[in-house]
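The values are calculated or read from the model by the stated rules, or taken from the named source; none is laboratory data. As the structure is a prediction and not an experimental result, all values here were calculated from the model. A quick note on method: Cβ atoms are made from the backbone with ideal geometry, for glycine too, and the neighbour counts reach across all protein chains shown. Side chains are part of the model used for accessible areas, which takes the heavy atoms of the whole protein and leaves out ligands, DNA and RNA. Shrake-Rupley method; radii C 1.70, N 1.55, O 1.52, S 1.80 Å.
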Amino acid sequence: MNSKRPTNSLERALEILELVACKSGGLTNAAISNRMEMATSTASYILNRLERSGFLQRQTETGRYEIGIKMVALAHAPLRDMGLRREAEPVLRRLSGQTDASSLVGVLERGHVMIVDKIEKPDLSVIDMDIGVCYPVHSTALGKVLLAYLPENRVHLIFDRVPFVKSSPRTIASKSQLLEDLKRVKKQGYSVVDGELFMGIRAIAAPVFGASDEIRAAVSATGFTFSVEDKRIIGAVQAAAREISKRLAAAESGRTRAYSGVAK
């Protein structure tokens with residue numbers, strides 16, 4: 001979170017929505033108040049307004065606030081229209097069939113990895129990995145790929161703002177350890193995690209590039225049952241990433257030519 005705290009209700013409401021969106025399982029009023037450095041009564045007022053408007057929903061049993069149906073609807077509309085999602089979806093279906101694992105596409109979003117599309121197998125349904133939800137970038141295979149192809153100074157800037165949160169005993173706990181891991185990821189062209197975000201969940205991810213050869217996204221095979229050393233699955237993920245990159249680059253180049261024609 002930013003060191004400069006929001007000062008008006010709108011800014012606070014937007015930061016609360018971002019905070020809740022990036023926390024799988026939701027947050028209590030007390031946790032939100034603590035992270036936002038505001039009085040519990042102030043947080044309660046804003047949370048009640050957001051809940052009444054449908055932007056948040058509160059779990060009766062735990063009191064935790066989660067993203068509401070209105071936010072989901074708002075998020076899914078632009079995600080449906082993203083060129084990336086359109087180009088990736090048929091490839092994800094094929095990858096999921098080849099690996100018998102869930103396939104995901106993620107992008108870097110304000111220091112987190114956000115899921116923008118998925119083909120889910122039943123075993124992953126026990127984990128809340130929904131489209132539009134953000135996860136820690138340093139403890140996911142998708143996130144490590146996205147970081148590995150950034151300039152190192154941008155990685156440092158991200159972690160000047162985003163803390164290293166240990167999601168499990170296996171999560172990387174320091175920037176120096178992460179930087180070493182990222183060098184290995186870029187050298188081999190893919191990343192793996194085994195229980196770093198959720199214990200028992202394994203993932204293999206590879207980079208997706210756009211027309212300008214810049215990293216645009218990452219694609220992964222994610223599940224419980226396969227080995228992260230399985231060369232067949234590693235190859236399938238890398239092949240899927242190359243195909244999505246090719247489709248995305250062609251689509252972006254086509255749009256650029258179309259815009260150039262209109263400009264003339």
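At-a-glance table
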read-out	value
Sum of side-chain charges, L104 neighbourhood, beta-carbon under 12 Å (Lys, Arg +1; Asp, Glu -1)	-1
Over the chain, relative contact order from alpha-carbon pairs under 8 Å, at least 6 apart, %	16 percent
On Cα atoms only, tilt of 40-52 relative to the major axis of the chain in degrees	60 degrees
Directionally averaged projected area (convex hull, Cα atoms, the stretch 145-264), nm²	8.9 nm²
The stretch 103-172, accessible surface, carbon-and-sulfur percent (1.4 angstrom probe)	54 percent
Ratio of Rg to Rh over the stretch 172-237 (Cα coordinates, Kirkwood Rh, two decimals)	0.99
Rounded accessible area per residue of the chain, 1.4 Å, Å²	51 Å²
Semi-axis lengths (Å, descending) of the ellipsoid that matches the C-alpha gyration tensor of the chain	31, 23, 19
Nearest 10 degrees, 0 to 90: helix 175-188 Cα axis against the chain principal axis	30 degrees
Links that overshoot a 29 Å alpha carbon limit, given the list K23/K246; K23/K175; K121/K183	K23/K246; K121/K183
Helical mean residue ellipticity (222 nm; -39500 (n - 2.57) per DSSP H run of 4+; nearest 500) of the chain	-16000 deg cm²/dmol
The chain: angle of helix 152-161 to the longest principal axis, Cα-based, in degrees nearest 10	20 degrees
The stretch 117-203: GluC sites (Glu not before Pro) in DSSP loop, at most 11 other beta carbons within 10 Å	none
Net dipole in debye of the chain [+1 Lys, Arg Cβ; -1 Asp, Glu Cβ; about Cα centre; nearest 20]	520 debye
